[in-house]
Amino acid sequence: MIGTDLASESSWCVLVEPSVMHKIIHVDMDAFYASVEQRDAPELRGKPVVVAWQGRRSVVCAASYEARKFGVRSAMPYVQAERLCPQAIFVPPDFPRYRVVSRGVREILLRYTDLVEPLSLDEAYLDVTENKRGVASATQVAQEIRAQIKAELNLTASAGVAPNKYLAKIASDWRKPDGLFVIRPNEALAFLTALPIERLPGVGKVTARKLSGLGVRMVGEIRRLEIAELQKHFGRYGARLYELARGIDNNQVEPNRPTQSISAEDTFEFDVLLMETEPMIRRLAEKVWQASRKETRTARTIVLKLKTSEFSILTRSHTPATPPASCEELTSLALALRENVRLAPGQKYRLVGVGLANFRDRDREPAEGLLFG
């Protein structure tokens, strides 16, 4: 049985080759934004709290577990959340405050290892194969971290312990909220066998539908298919499916993961025509430019994202001979990308986004050419 028995964790040493054995923890704060709001405002405790800006086009940033009982979820439209839970208390997000709390969580994690890879403000991976406290049990490390978060920040966190990142992330979600779950190497295959394919990273509705067409609904059933057949149907992701079904994940915890992209997007109050997007593009470009000034690397590619009123998403990108040297230049390049959108003149859009991508070290040779997608 999969559990959190500390003594049995020593079996890891004989089940996995020492050269590849890792003990990974995934820490995930419980309903983070909503929990911070409830912690700081006692009158919100025990109430269905939804963190979102008001507005018919707004989306939910977070929902307390009291609100989740009514079906409210992150990224859900504001109006849908309001309909599902009329008694919900809507609170606008306060990201500067959440960042302060997130730094407090990170300080606790760094007490045990420098191998901490943040995924967002509310979750991170840790490699505690060797840790600063000399604790042999990764499960004990996870227990101590959760206890310190509770004692010092008055918040709860769930954690997953496993031999790799992929399994640890699945495990952290298994006993939420305020839970701990361990998947040991000798238990991974049995655990995965009866898991719905939708629980695998990268398996969305389209991939799940294609797998179902091949008679695959559970992870264990993927193992019936040869890697060549999986690649035939899913391309490069087929090889990844082959590995995931067997609990294989060789991705390392990267504490100083370089920035791959910076972006900002917003939804219009009402759908607009393409040429009416300029004010929003200018605001978003300024926001992205300011964020990029904190980076030591240079972005080579400018990206424009649009979502139509029918929810179709399209992107246009451009890699100039030299990267933009000012906010004004970035704005001009982003606005120019609209010329490569060739939908009907009367097409309306509900969302626009601006991004910088393809970050390079400053001493590397510049990329050449244009990229339009």
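None of the figures in this text is laboratory data; all of them are computed from the coordinates on show. On a predicted model such as this, the values are computed, not experimentally measured, just so you know. Please note: Cβ atoms are built from the backbone with ideal geometry, for glycine as well, and neighbour counts cover all protein chains shown.
Working note: Karplus 6.51/-1.76/1.60 with θ = phi - 60° gives the range 171-180 the couplings 5, 5, 8, 6, 10, 5, x, 6, x, 9 Hz, where Gly and Pro are set to x. Between the range 297-323 and the range 211-240, the alpha-carbon centres lie 32 Å apart. The H on the amide N of Phe268, modeled in the peptide plane, is under 5 Å from the matching H of Leu351, Val352, each at least 5 residues off or on a different chain.
Taking Cα atoms of the range 261-360, Rg/Rh with Kirkwood Rh, to two decimals?
Numbers: Rg = 13.1 Å, Rh = 13.5 Å.
When Rh is taken as the Kirkwood radius, the ratio is 0.97.
Converting phi to 3J(HN,Hα) with the Karplus coefficients 6.51, -1.76 and 1.60 and the offset θ = phi - 60°, the range 283-298 yields 5, 5, 4, 5, 5, 5, 4, 4, 5, 6, 5, 7, 8, 8, 9, 10 Hz in sequence order, with x at every glycine or proline. Counting only other residues whose beta carbon sits under 9 Å from that of Tyr125, what net charge do I get with K and R as +1, D and E as -1? Net charge around Tyr125: -2. Distance between the pseudo-spin-label points of Asp266 and Phe311 (7 Å out from Cα toward the beta carbon): 2.4 nm.
Per-residue Karplus couplings for the range 123-139, computed as 6.51 cos²θ - 1.76 cosθ + 1.60 with θ equal to phi - 60°, are listed in order as 8, 7, 9, 10, 9, 10, 3, 10, 10, 5, 8, x, 7, 6, 9, 5, 4 Hz, Gly and Pro entered as x.
Classify the chain from the C-alpha gyration tensor, please: rounded if a/c falls under 1.5, else prolate or oblate depending on whether a/b exceeds b/c. Prolate is the answer for the chain, as a/c is 1.5 or above and a/b outweighs b/c.
Using the Cβ of Leu244 as centre and a radius below 12 Å, the other residues enclosed give a net charge of +4, where K and R count +1 and D and E count -1. Globularity index of the range 32-94 is 0.95 (Cα radius of gyration / 2.2 N^0.38 Å, N = number of residues).
In summary, the lysines within cross-link reach of Lys232, defined as a Cα separation below 24 angstrom excluding same-chain residues under 8 places away, comprise Lys205, Lys210.
Hey, any idea what Rg/Rh is for the range 194-244, computing Rh the Kirkwood way over Cα pairs? Walk me through the numbers before you get to the answer.
Values: Rg = 9.4 Å, Rh = 10.5 Å.
Reported Rg/Rh (Cα atoms, Kirkwood Rh): 0.89.
So for the chain, averaging the separation of alpha carbon pairs under 8 Å that are six or more residues apart and normalising by length, what relative contact order in percent results? Relative contact order here is 14 percent.
Sorted by mean Cβ packing within 10 Å, highest first, what order do the peptides 234-247, 315-328 take?
Working: 234-247: 17.3, 315-328: 15.3.
Going by the mean number of other Cβ atoms within 10 Å, highest first, we get 234-247, 315-328.
Each Cα pair under 8 Å and six or more residues apart adds its sequence gap; the mean of these over the residue count of the range 261-360 is a relative contact order of 50 percent. Shape verdict for the range 70-218, please, from the Cα gyration tensor: rounded (a/c under 1.5), prolate (a/b greater than b/c) or oblate. Here the range 70-218 falls in the oblate category.
So for the range 261-360, taking the charge dipole from beta-carbon charges (+1 Lys/Arg, -1 Asp/Glu), which of Ala336, Leu306, Ser261 sits furthest toward the positive end? Result: Ser261, furthest along the dipole toward the positive end. Charging the Cβ of each Asp and Glu at -1 and of each Lys and Arg at +1, and nothing else, the dipole of the range 261-360 about its Cα centre rounds to 400 debye. By the beta-carbon count within 10 Å of each Cβ, the least crowded to most crowded order of Lys294, Lys47, Lys165, fewest first, is Lys294, Lys47, Lys165. When you count the other C-beta atoms within 10 angstrom of each residue and take the mean per peptide, 282-291, 198-207 line up highest first as 282-291, 198-207.
In whole angstrom, note down how far apart the Cα centers of the range 72-97 and the range 126-183 are. Answer, in whole Å: 28. Overall size of the range 190-343 from C-alpha positions, given as principal axis extents largest first: 55, 39, 28 Å.
Remind me, relative contact order of the range 10-142 in percent, using alpha carbon pairs under 8 angstrom and six or more residues apart? Display every interim value, and only then the final one.
Values: 202 pairs, mean separation 34.8, N = 133.
Worked out over the range 10-142, it gives 26 percent.
Remark on Val60: its backbone amide H falls under 5 Å from those of Ala75, Met76, Tyr78, a criterion applied only to residues 5 or more positions apart or on other chains, H modelled at 1.01 Å from N.
How would you rank 214-224, 138-148, highest first, on the average number of other Cβ atoms within 10 Å across their residues?
Details: 214-224: 16.5, 138-148: 20.6.
Answer by packing, highest mean first, reads 138-148, 214-224.
Equivalent ellipsoid of the range 217-304: semi-axes from √(5λ) of the C-alpha gyration tensor, largest first, are 40, 21, 11 Å.
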